[in-house]
Amino acid sequence: MGIESSCDETSAAVISDNKILSNVIANQEVHKKYGGVVPELASRAHQKNIIPVVNLALSKANIEKNHLDAIAYTRGPGLLGSLLVGSSFAKSLAMSLNIPLIEVNHMQAHLLCHFIDDNCEIKSDFPFIGVNISGGHTQIVLCKNYFEMKLIGETLDDSIGEAFDKCGKIIGLEYPAGPLIDKKSKNGDNTKYNFTIPNVNGLNFSFSGLKTNFRRTVENGINKIEGFIEKEQDNLCASLQSTISEILLKKVLLAVKETGIKNIVFGGGVSANSEIRSSFEKIKNLNVFFPKRDYTTDNAAMIAMVGYLKYNEKKFSNLDEISKARYQI
Ligand code: KG4
Ligand code: ZN
């Protein structure tokens, strides 16, 4: 069984070899009205959700808890209070069933979830360049094998998901704005507004300047045109989304040039974005792997997958290992 509770999704999944038998995700609606995740409310919601979610994952997989061979859980990175709910539960369950406990790095799991056997996806070979794009992270990772991963680029300020969510908030979109921007962009003109591509050295990213640029454009528009946001929302979304896709494409192509590696594996919620997907799929000579959409946002299936890989190598954990809000990949 895999258990995930690093942010605002409480999730439990059952895996048998590398086939997922169940993957239950409880989203926390409570954060919507605050425009972002409130850590204390997230921990409380995890406490409320964890037992029903685990029970449902067992019943959907059609097994009893004493059929489990091991418990894998997210050790970090994430919100400490949220991580503690999942880790305490996982440790107690492993101890009571007297089975191995396996700690999992959430960011590794995002990059390994495309190895889940679902009979349709082609899997990447090693080495590959991992691109983790979510609400919490923007990382380029050199992946030599399942467990040897090295961070080669990251954001210096906001994450790519924050760029979507914070800009969305400026034009009145609900949190998380990413999926809404994706949808609205389909009806918009992506050449209507020109946002600046930040000039950041090497493989690192910066998104805070883009957010300021976007805010100024909206403020100018509001001052000049009545009902500006309502009239221009689709065009603003399309122009923003194209700029973000271009920033990502440029950096990943630089990573390809620098490493000579042509296998690219995506992970994280933002990898569901349709323009990001199509912009990479258009590039010839690259082997691009996107996870199934079910596995893009936070889920326990990916934790169970890494648990399975570690179980095969007897990479077990101790009960005294502490959760880590910051946990290097
Ligand atoms: O991986 P994830 O579920 O949670 C974190 O670990 O952060 O990612 C959530 C992020 C949010 O910022 C959300 O707006 C973004 O993923 N997201 C998208 C799309 N679907 C989710 N961003 C752009 N386009 C999408 N289709
Ligand atoms: Zn995540």
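Just one residue in the set Ser317, Ser279, Ser323 is over 29 Å from Asn201 (Cβ atoms), polar (S, T, N, Q), modelled with pLDDT of 95 or more and touching a Ser or Thr at 6+ places or on another chain (Cβ under 6 Å); that residue is Ser323.
Could you grab me the full set of residues in the range 215-229 that are within 18 Å of Asp165 (Cα to Cα) and either in contact with a Ser or Thr (Cβ under 9 Å, 6 or more places away or on another chain) or not aliphatic (A, V, I, L, M) (or both)? Before you say what the answer is, go through the steps one by one.
Let us first name the residues in the range 215-229 that are within 18 Å of Asp165 (Cα to Cα), namely 215-219, 229.
If the condition is that a residue be within 18 Å of Asp165 (Cα to Cα) and either in contact with a Ser or Thr (Cβ under 9 Å, 6 or more places away or on another chain) or not aliphatic (A, V, I, L, M) (or both), then Arg215, Arg216, Thr217, Glu219 are the ones that fit.
The number of residues in the range 170-196 being in a loop (DSSP other than H, G, I, E, B) and either away from ligand 2 (no atom under 16 Å from the Cβ) or over 18 Å from the mean Cα position of the chain (by Cα) (or both) comes to 16.
Among residues of the range 252-273 being under 16 Å from Ala163 (Cα atoms) and assigned to a helix (DSSP H, G or I), the one that is nearest to ligand 2 (Cβ to nearest atom) is Gly269. Of all residues in the range 1-31, those satisfying the criterion of being under 21 Å from Ile99 (Cβ atoms), outside any strand (DSSP E or B) and in contact with a strand residue (DSSP E or B) (Cβ under 8 Å, 6 or more places away or on another chain) are Met1, Ser5. With the condition kept exactly as written, say whether any residue in the range 290-298 is over 23 Å from Ser185 (Cα atoms) and away from ligand 2 (no atom under 16 Å from the Cβ). Within the range 290-298 (the criterion being over 23 Å from Ser185 (Cα atoms) and away from ligand 2 (no atom under 16 Å from the Cβ)), the answer is no, since none of the residues qualifies.
If you scan the range 132-148, which residues turn out to be touching a residue at least 60 places away in the same chain (Cβ under 8 Å) and either of a type in the set (Gly, Ala, Ser) or closer than 12 Å to Ile329 by Cα (or both)? Steps first, please.
Residues of the range 132-148 touching a residue at least 60 places away in the same chain (Cβ under 8 Å): 132-143, 146-147.
Those that are touching a residue at least 60 places away in the same chain (Cβ under 8 Å) and either of a type in the set (Gly, Ala, Ser) or closer than 12 Å to Ile329 by Cα (or both): Asn132, Ser134, Gly135, Gly136, His137, Gln139, Ile140, Val141, Leu142, Cys143, Tyr146, Phe147.
Considering only residues of the range 155-169 that are among the small types (Gly, Ala, Ser) and within 14 Å of ligand 2 (Cβ to nearest atom), which is nearest to Gly209 (Cα to Cα)?
Narrowing the range 155-169 to residues among the small types (Gly, Ala, Ser): 159, 161, 163, 168.
Cutting the leftovers down to within 14 Å of ligand 2 (Cβ to nearest atom) gives us 159, 161.
Details: Ser159: 12, Gly161: 14 Å.
Result: Ser159.
May I ask you to say which residue of Thr138, Thr155, Thr196 is of a type in the set (S, T, N, Q) and farther than 30 Å from Val306 by Cβ? It would help to see each step written out before you state the result.
Working: Thr138 fails: farther than 30 Å from Val306 by Cβ; Thr155 fails: farther than 30 Å from Val306 by Cβ.
On inspection, the qualifying residue turns out to be Thr196.
Is it the case that Asp8 is out of contact with any Ser or Thr (no Cβ under 6 Å at 6 or more places or on another chain) and either small (Gly, Ala, Ser) or over 22 Å from Lys315 (Cβ atoms) (or both)? In short, yes. For the range 16-41, filtering for residues that are in contact with a Ser or Thr (Cβ under 9 Å, 6 or more places away or on another chain) and more than 12 Å from ligand 1 (Cβ to nearest atom) leaves 5. The set of residues in the range 236-259 being closer than 15 Å to Ile181 by Cβ, of a type in the set (A, V, I, L, M) and in contact with a Gly (Cβ under 8 Å, 6 or more places away or on another chain) consists of Leu236, Ala238. Only one of the listed residues (Lys250, Lys186, Lys211) is among the basic types (Lys, Arg), touching a helix residue (DSSP H, G or I) at 6+ places or on another chain (Cβ under 6 Å) and at pLDDT 95 or above. That residue is Lys211.
For the range 173-214, give me each residue that is more than 16 Å from ligand 1 (Cβ to nearest atom) and either among the hydroxyl-bearing types (Ser, Thr, Tyr) or touching a Cys at 6+ places or on another chain (Cβ under 8 Å) (or both). Within the range 173-214, Thr191, Tyr193, Thr196, Ser206, Thr212 qualify.
One residue stands out among those in the range 109-150 that are within 14 Å of ligand 2 (Cβ to nearest atom) and small (Gly, Ala, Ser): the one that is farthest from the chain's Cα centre (by Cα), which is Gly130. Residues in the range 174-185 that are free of Cβ contacts under 8 Å to residues at least 60 places away in the same chain and surrounded by fewer than 18 Cβ atoms within 10 Å (Cβ to Cβ): Lys183 only.
Only one of the numbered conditions (1) in a helix (DSSP H, G or I); (2) touching a Lys or Arg at 6+ places or on another chain (Cβ under 9 Å); (3) more than 22 Å from Ser11 (Cα to Cα) is not met by Asn285, and that is (1).
The values are calculated or read from the model by the stated rules, or taken from the named source; none is laboratory data. Predicted model, so just to flag it, every value in this text is computed and none were measured. Heads up, the Cβs are rebuilt from the backbone with ideal geometry, glycines too, and the neighbour counts pull from every protein chain shown.
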